[in-house]
Amino acid sequence: MDLQHIRNFSIIAHIDHGKSTLADRFIQLCDGLSAREMNTQVLDSMDIERERGITIKAQSVTLNFTAKNGEIYQLNFIDTPGHVDFSYEVSRSLAACEGAILVVDAAQGVEAQSVANCYTAIELGLEVMPVLNKIDLPSAEPEKVIKEIEDIIGIPAEQALRISAKTGLGVAEVLEELVHVIPPPEGDVEGPLQALIIDSWFDNYLGVVSLVKIVNGSLRKKQKITIMSTGNSFIAERIGIFTPKRLDTLELKTGQVGFVVGAIKDIFGAPVGDTITLTGNPCAKALPGFQKVQPRVFAGLYPVSSDDYEDLRESLSKLRLNDAALQFEPESSQALGFGFRCGFLGMLHMEIIQERLEREYDVNLITTAPTVIYEVETNKGDVLYVDNPANLPDIGSIKMIREPIIQANILVPQEYLGSVITLCIAKRGVQVNMQYLGSQVSLHYELPLSEVVLDFFDRLKSVSRGYASFEYEFKRFEEAALVKLDVLINGDRVDALSIIVHRDLSQTRGRELVEKMKELIPRQMYEVAIQAAIGGKIIARSTVKSMGKNVTAKCYGGDISRKKKLLEKQKAGKKRMKQVGNIEIPQEAFLAVLQVN
Ligand code: GDP
Ligand code: MG
């Protein structure tokens, strides 16, 4: 396959605009899989992903497309995830492409994440080809959406194809146009090998598999390769492409996207963004890599039963084999015992890890309230990064606390502008820019990350009836009047319940927090006092009344099976409870902070 007949592309789309459906159509059209093999949405391979309908891991599919001119083109489609938490994965997938199809739901219009991803594509020099999807819907308004694409993103869209990925209408035309609009890759076919690692993951049978783009030169099976950042060398035991099934080949040439398997121990041996070259004929220097991913949200993960600590460590290690963005290190808590402080990209990432630990690895967990990382300067002039409120140094020794600030780019239809601005103000936002673009408004706000990670996304959706969308990027650390809010249960400070809040919000948050916890902590044999305190000062209090009678007393004697059931139910309910002193605290209470604002 010569360069002129290769096209590398991604699909950029906001969640639910139809990227996966369109990709599946492409595979069908190009006979990538037989109808029987074509289970719905082959590209979203992980279970959780399928249930949640989001694409997490970047994957690729190589397809052979016969165009109207009779020529056969090799199309490498590189999938990208569609949630803000994973936006860094989008840019690395795009870096392997010469073009991108921008899919916009003709009934929904342009949304913030598509805009952000489109700009990334344009910055990387990609040709962007807009397509209007869901044209079969009676609510589709293609003319309005064309104008939005032109006004908001600023690329011509009058000629955009109008398609339905669902019915298949116009899908073949998309591929036909793609081979004409998107340029072929460029590269030095004869030069020394430079292969960009787009993604690496751990496969139970093969070990570490790397998805690569051959930027220059070529790679043959069994050649000796060097990973440039580490200098380690391996034999390229297997190479090939995904169709989407894995297909071994003998060679990958300039411009192609495919996989490489060597005897590499873990994904850190083949880091994403690194360059692979030939040991015998190395290239002069590595390709420009990608920005390193930074976890933004931190939480403690503790096994409900301390016997499961080693299991938890092992499960986290396994998960990390496929997820370089997941960080963890041991920590201990007076209240919860031994566990791990984990770093995540965002709340969705955290929920996915939590779910996978419980579902796939069968570990019962208590997760503490998520927090961001704070930059703390002490009076002595030391600078510490604090990712656990319990570790905040004594207030008297702190000169200042700086919190992470992000820029949020929000797109919202005019009728919801007022409520979105109100929300941003409540979250301590500062407006940077506001621009009317057609029937939508583009809002730029600087917001503290701590206010955004918890529930901003859900709140934004609810105040705008689902119409507002946003994406964000980290800006800087900035001084703020922050205090540590402690929670005391029957007079004892529970370290795992401490949070860091802005002084101005501390009174209300403290009050709401103890009220919420009162609802979440079940009645016990004794009365339970819940207090919120800042330093030595109690600022709020609530009480869970004692239960009085034994629960089984409700079973009025005789009925043994009912009694058994009740006890079983209690036991099941207990699974996610942690005994703190003589009080049982359920998982929900540890996360009560997510429910107050
Ligand atoms: P993704 O999140 O961008 O990958 O979106 P999906 O491909 O998962 O599609 C989201 C939803 O829209 C699914 O329920 C699809 O069946 C539906 N959908 C996708 N394309 C079309 C279309 O052309 N017309 C209609 N009516 N629905 C579509
Ligand atoms: Mg999808």
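The values are calculated or read from the model by the stated rules, or taken from the named source; none is laboratory data. Note that this is a predicted model, so its numbers are computed, not measured. Please note: Cβ atoms are built from the backbone with ideal geometry, for glycine as well, and neighbour counts cover all protein chains shown. Accessible surface areas use protein heavy atoms only, side chains included; no ligands, DNA or RNA. Shrake-Rupley method; radii C 1.70, N 1.55, O 1.52, S 1.80 Å.
Would you call GLY381 open to solvent by 30 Å² or more (accessible area, probe 1.4 Å), free of Cβ contacts under 8 Å to residues at least 60 places away in the same chain and closer than 27 Å to ALA533 by Cβ?
No: the conditions fail for GLY381.
If I ask for residues that are closer than 20 Å to PRO586 by Cα and either among the acidic types (Asp, Glu) or in contact with a strand residue (DSSP E or B) (Cβ under 6 Å, 6 or more places away or on another chain) (or both), which ones from the range 312-341 would you list?
Matches in the range 312-341: LEU312, SER332, ALA335, LEU336, PHE338, GLY339, PHE340, ARG341.
Would you call ARG465 in a loop (DSSP other than H, G, I, E, B) and within 30 Å of ALA106 (Cβ to Cβ)?
Taking the combined requirement at face value, the residue satisfies it.
Among (1) away from ligand 2 (no atom under 16 Å from the Cβ); (2) open to solvent by less than 10 Å² (accessible area, probe 1.4 Å); (3) modelled with pLDDT of 95 or more, there is one condition PRO130 misses while meeting the rest; what is its number?
For PRO130, the failing item is (2).
Whether any residue in the range 51-61 is part of a helix (DSSP H, G or I), at pLDDT below 90 and either more than 13 Å from ligand 1 (Cβ to nearest atom) or not acidic (Asp, Glu) (or both) is what I want to check. Give the derivation first.
Just the residues of the range 51-61 that are part of a helix (DSSP H, G or I), to begin with: 51-52.
After this cut, where a residue has to be at pLDDT below 90 as well, the list is 51-52.
This time we only want the ones that are either more than 13 Å from ligand 1 (Cβ to nearest atom) or not acidic (Asp, Glu) (or both), so: 52.
Yes.
Out of GLU451, GLU403, I need the residue that is modelled with pLDDT of 95 or more, within 30 Å of ARG493 (Cβ to Cβ) and not in a loop (DSSP other than H, G, I, E, B). Which one?
Checking each option against the conditions leaves just GLU403.
Tell me whether the range 136-151 contains one or more residues that are within 30 Å of the chain's Cα centre (by Cα), of a type in the set (Val, Ile, Thr), assigned by the TED database to the domain that holds SER20 and more than 16 Å from ILE11 (Cα to Cα).
yes
From LEU443, LEU449, which residue is open to solvent by less than 60 Å² (accessible area, probe 1.4 Å) and closer than 27 Å to GLY396 by Cβ?
LEU449
Please tell me if LEU326 is within 14 Å of the chain's Cα centre (by Cα), over 21 Å from SER498 (Cα atoms) and crowded, with 19+ Cβ neighbours inside 10 Å.
When the stated conditions are applied, LEU326 passes them.
For the range 97-106, does any single residue satisfy the condition of being more than 16 Å from ligand 1 (Cβ to nearest atom), assigned to a helix (DSSP H, G or I) and either at pLDDT below 90 or surrounded by 20 or more Cβ atoms within 10 Å (Cβ to Cβ) (or both)?
no
Can you find a residue in the range 501-511 that is assigned to a strand (DSSP E or B) and in the same structural domain as GLY581 (by the TED database)?
yes
Of all residues in the range 272-286 being surrounded by fewer than 21 Cβ atoms within 10 Å (Cβ to Cβ) and either among the basic types (Lys, Arg) or within 11 Å of LEU193 (Cβ to Cβ) (or both), which is modelled with the lowest pLDDT?
Step by step, filter the range 272-286, then rank; the result is LYS285.
Restricting to the range 354-369, name every residue that is at pLDDT 90 or above and part of a loop (DSSP other than H, G, I, E, B).
THR368
Taking CYS118 as the residue in question, decide whether it is part of a helix (DSSP H, G or I) and hydrophobic (A, V, I, L, M, F, W, C).
It is true that CYS118 is part of a helix (DSSP H, G or I) and hydrophobic (A, V, I, L, M, F, W, C).
So which residues in the range 288-309 are assigned to a loop (DSSP other than H, G, I, E, B) and of a type outside the set (Val, Ile, Thr), if there are any at all? Walk me through it before giving the result.
So the first thing to find is which residues in the range 288-309 are assigned to a loop (DSSP other than H, G, I, E, B), and the list is 288-296, 304-305.
Within the range 288-309, PRO288, GLY289, PHE290, GLN291, LYS292, GLN294, PRO295, ARG296, SER305 qualify.
Out of all the residues in the range 487-502, is one or more surrounded by fewer than 17 Cβ atoms within 10 Å (Cβ to Cβ) and closer than 23 Å to VAL297 by Cβ?
The answer is yes; a qualifying residue exists.
Could you tell me whether any residue of the range 342-349 is touching a residue at least 60 places away in the same chain (Cβ under 8 Å), touching a helix residue (DSSP H, G or I) at 6+ places or on another chain (Cβ under 7 Å), small (Gly, Ala, Ser) and in a loop (DSSP other than H, G, I, E, B)?
Scanning the range 342-349, I find at least one residue that is touching a residue at least 60 places away in the same chain (Cβ under 8 Å), touching a helix residue (DSSP H, G or I) at 6+ places or on another chain (Cβ under 7 Å), small (Gly, Ala, Ser) and in a loop (DSSP other than H, G, I, E, B), so the answer is yes.
In the range 6-33, what residues are within 12 Å of ligand 1 (Cβ to nearest atom) and of a type in the set (Asp, Glu)?
Residues satisfying the conditions are ASP16, ASP24.
Report the residue count in the range 112-124 for those that are open to solvent by less than 80 Å² (accessible area, probe 1.4 Å) and either without any contact (Cβ under 8 Å) to a residue 24 or more places away in the chain or among the aliphatic types (A, V, I, L, M) (or both).
5
Which numbered condition trips up GLU111, out of (1) within 16 Å of ligand 2 (Cβ to nearest atom); (2) at pLDDT 95 or above?
Only one criterion in (1) within 16 Å of ligand 2 (Cβ to nearest atom); (2) at pLDDT 95 or above is unmet by GLU111, namely (2).
Please find, within the range 392-408, the residue that is most open to solvent (accessible area, probe 1.4 Å) out of those that are free of Cβ contacts under 8 Å to residues at least 24 places away in the same chain and in contact with a Lys or Arg (Cβ under 9 Å, 6 or more places away or on another chain).
LYS399
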